[in-house]
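Here the structure is laid out as structure tokens; the discussion comes afterwards.
The values are calculated or read from the model by the stated rules, or taken from the named source; none is laboratory data. Just so it is clear, the structure is predicted and the values come from calculations on it, not from any experiment. Heads up, the Cβs are rebuilt from the backbone with ideal geometry, glycines too, and the neighbour counts pull from every protein chain shown. Surface areas here come from the heavy atoms of the whole protein model, side chains and all, with no ligands, DNA or RNA. Shrake-Rupley method; radii C 1.70, N 1.55, O 1.52, S 1.80 Å.
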Amino acid sequence: MRQRSAAVIVVSGLLSLVGEPAGGQQPQPSTSPRASNAAAPAATPTQLQKKLEVYLRHLYAFGPSVQLTVRTPKESEVPGLLETTVDLKDGENSQSAKLYLSKDGKYLVRGEVSDLSKDPLAESRALLQTTDAPSLGDPNAPVTLVEFSDFQCPVCRSLHDVLRGMLPNYPQVRVVFKDFPIESLHPWARTAALAGHCAYEQDPKAFWKLYDSIYDQQELISASNAWTKMSDFAGQAGLNANAFHTCMASPEAGAALEASKANAQQLEVGSTPTVFVNGRRLVGADPHLLEQYIQFELAQLRSTKSSDK
């Protein structure tokens, strides 16, 4: 779960509407044939950026305390449309949204544009970085489930419980764990993430012991006792205490954690848990939807094998 300011929530909403004129009004048909056939001149990037910022600030009542940046528009894959990104920061909360503009600056398209000639999951699969991340299951499994989680997140604990009950039924699934601690909301999540990383560095199998221990005892952990609890879990997993503590305090462990968070941001992960099943995104811990995604992938695999015979 992620707590966000009202301004950041609004930016999420920018992706929910499609095809509204940037002026907020529907275009009126021209009575002049010459006017209707004439192409409007293209606006300069600077003009478009300023116009879009003014429009969004007016539409959502963003005051001067809200930092709103419109990146330089560039050519998009959609003919006739430019692509830009709006970055919004309100206090400690920040988020970005991709938008599309007509070249004359008259129309704003707020929505997701999909190329029907491409695999819609290919981009997510390409962005997922699973090297040097804890994994469980057959490395050659046909279904890979990548989990971005926060050890202090209650919904992530629910996902942990769901996976523990579900995975024995699906030996065809490999699970990869990625850290995405939300430190502004969860004060000991980073400590737990560092502990998981350092357990993995010392013994990859030990990570999953800490993974279970942290989620099983989540309610007993606090910001004041997190270090002690992580040390206890490490000892129970058979790890060397000195090496574990040295790793926890090392810049390398912090850098690995930041790299995992950066990968999440590349994939526009905004809350935890977020799961990718062969690239297909699922937010939350819905066991029925998760099983649906897994079964769909396995059915696709069976279909492919049948067609190859």
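In straight-distance terms, cross-link reach from residue 106 covers every one of the lysines whose alpha-carbon lies under 24 Å from its own, apart from those fewer than eight places away in the same chain; here that gives 50, 51, 74, 98. Helical runs (DSSP H, four residues minimum) scored at -39500 (n - 2.57) apiece and divided by the length of the chain put the mean residue ellipticity at 222 nm at -13500 deg cm²/dmol.
The angle separating the long axis of helix 204-216 from the principal Cα axis of greatest extent in the chain is about 80 degrees. With both residues required to sit in the chain, DSSP beta bridges show an antiparallel share near 80%. Charged neighbours of residue 263, selected by a Cβ distance under 15 Å, balance to -3 (K, R count +1; D, E count -1). Counting only DSSP beta bridges whose two residues both lie in the stretch 137-290, roughly 55 percent are antiparallel. Summing +1 for each Lys or Arg and -1 for each Asp or Glu among the other residues whose beta-carbon sits under 12 angstrom from that of residue 113 gives -1. Angle check, please: helix 189-202 long axis (alpha carbons) against the longest principal axis of the chain (alpha carbons), in degrees 0 to 90, nearest 10. It works out to around 60 degrees.
Using the structure shown, list the pairs from 89/178; 89/205; 118/261; 103/178 with a Cα-Cα distance above 30 Å, or answer none. In this structure, 89/205; 103/178 lie more than 30 Å apart at Cα.
Fully extending the segment from residue 72 to residue 268 would add 68.6 nm, taking 0.36 nm per residue of separation and subtracting the current Cα-Cα distance. With θ taken as phi - 60° and the Karplus curve 6.51 cos²θ - 1.76 cosθ + 1.60 applied, the whole-hertz 3J(HN,Hα) list for the stretch 145-160 is 10, 9, 10, 9, 9, 10, 5, 9, 6, x, 5, 5, 5, 4, 5, 4 Hz, x standing for glycine and proline. Under 5 Å between amide hydrogens, built in the peptide plane, is the criterion, and for residue 81 it picks out 76 among residues at least 5 positions away or on other chains. Using 1/(1 + (r/R0)^6) with R0 = 25 angstrom and r between the beta carbons of residue 305 and residue 259, what's the FRET efficiency to the nearest 0.05? Given R0 = 25 Å and the Cβ-Cβ separation, E is 0.10.
Evaluating 6.51 cos²θ - 1.76 cosθ + 1.60 at θ = phi - 60° for every residue in the stretch 271-277, the Karplus couplings come out as 8, 10, x, 10, 10, 10, 9 Hz, glycine and proline recorded as x. Computed about its Cα centre, the charge dipole of the chain is approximately 860 debye, with only Lys, Arg, Asp and Glu carrying charge at their Cβ.
Looking at the chain, which longest stretch skips every one of the GluC sites (Glu not before Pro) that is in a DSSP loop with at most 11 other Cβ atoms within 10 Å, leaving the sites themselves out? That would be 113-309. Remark: the residue 296-residue 205 segment gains 29.8 nm on full extension, using 0.36 nm per residue and subtracting the alpha carbon distance. With the Kirkwood sum run over all distinct C-alpha pairs, the chain has a hydrodynamic radius of 22.2 Å.
Solvent-accessible area per residue in the stretch 249-309 equals 54 Å², computed with a 1.4 angstrom probe and all protein chains kept.
Approximating the spin labels as points 7 Å out from Cα along Cα→Cβ, the residue 121-to-residue 167 distance works out to 1.9 nm. Taking the longest Cα principal axis of the chain as reference, the axis of helix 287-308 is set at about 80 degrees.
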